[in-house]
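Asks: The structure is given below, and queries will be raised subsequently.
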Amino acid sequence: MSAMMLRTKVRPEVAAEAEAAVRKMFAGLAEAGPQGVRYTSYRLADGETYVVVLEIAEGIENPLPGVPAFVEFQERLKGYLTEPPVREQLTVVGDYRS
């Protein structure tokens, strides 16, 4: 399984709009039901920083770019950010029900 963490920070004045967009995107993912992917978004206590963890099963292409709700969110995301996202590749060393 391939895993990546993405850390983003949104502008304070668009924090509520950005969170609504995240929720809308996840509703679209739930409806589309892409297989072989785990995607989780966490908001930190400051209300402006988000950590996203994306896991993709071995042997498949990332299905998210084929989901319209994901594509729409990615396009809108650029307008919310205060700085470029920070991406880090992760190595799974343990897993319980994730």
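Asks: What are the residues in region 34-69 that are open to solvent by less than 40 Å² (accessible area, probe 1.4 Å) and part of a loop (DSSP other than H, G, I, E, B), if any?
Replies: Of everything in region 34-69, those that are open to solvent by less than 40 Å² (accessible area, probe 1.4 Å) and part of a loop (DSSP other than H, G, I, E, B) turn out to be PRO34, GLY36, GLY47, ALA57, PRO63, VAL67.
Asks: Cβ contacts < 7 Å: first residue aromatic (Phe, Trp, Tyr), restricted to region 48-75; second residue open to solvent by 30 Å² or more (accessible area, probe 1.4 Å) and outside any loop (DSSP other than H, G, I, E, B), any location; separation 6+ or different chain. Result?
Replies: Hits for this filter: TYR50/SER41; TYR50/TYR42; TYR50/ARG43.
Asks: Mind checking whether some residue in region 24-33 is open to solvent by 40 Å² or more (accessible area, probe 1.4 Å), among the acidic types (Asp, Glu) and at pLDDT 95 or above?
Replies: yes
Asks: In this structure, does ALA18 turn out to be part of a helix (DSSP H, G or I) and open to solvent by less than 40 Å² (accessible area, probe 1.4 Å)?
Replies: Values: part of a helix (DSSP H, G or I): yes; open to solvent by less than 40 Å² (accessible area, probe 1.4 Å): yes.
Taking the combined requirement at face value, the residue satisfies it.
Asks: Residue check: is TYR80 surrounded by 16 or more Cβ atoms within 10 Å (Cβ to Cβ) and not β-branched (Val, Ile, Thr)? Reasoning before the result, please.
Replies: Details: surrounded by 16 or more Cβ atoms within 10 Å (Cβ to Cβ): yes; not β-branched (Val, Ile, Thr): yes.
Judged against the criteria, TYR80 is a match.
Asks: Kindly indicate which of MET5, MET25 is part of a helix (DSSP H, G or I) and either more than 20 Å from VAL86 (Cβ to Cβ) or not basic (Lys, Arg) (or both).
Replies: Numbers: MET5 fails: part of a helix (DSSP H, G or I).
On inspection, the qualifying residue turns out to be MET25.
Asks: Next question, about the same structure. Return yes or no: is LEU90 open to solvent by less than 50 Å² (accessible area, probe 1.4 Å), among the hydrophobic types (A, V, I, L, M, F, W, C) and in contact (Cβ under 8 Å) with a residue 12 or more places away in the chain? Don't jump to the end; show me each part of the working.
Replies: Details: open to solvent by less than 50 Å² (accessible area, probe 1.4 Å): no; among the hydrophobic types (A, V, I, L, M, F, W, C): yes; in contact (Cβ under 8 Å) with a residue 12 or more places away in the chain: yes.
Here the answer is no, as LEU90 does not meet what is asked.
Asks: Could you please find all residues in region 5-15 being surrounded by 14 or more Cβ atoms within 10 Å (Cβ to Cβ) and more than 28 Å from GLN89 (Cβ to Cβ)?
Replies: VAL14
The values are calculated or read from the model by the stated rules, or taken from the named source; none is laboratory data. Treat the numbers as computed from the prediction; the structure is a model and nothing was measured. Every residue, glycine among them, receives a Cβ derived from its backbone with ideal geometry; neighbour counts consider all protein chains shown. Side chains included, ligands, DNA and RNA excluded: accessible areas come from the protein's heavy atoms. Shrake-Rupley method; radii C 1.70, N 1.55, O 1.52, S 1.80 Å.
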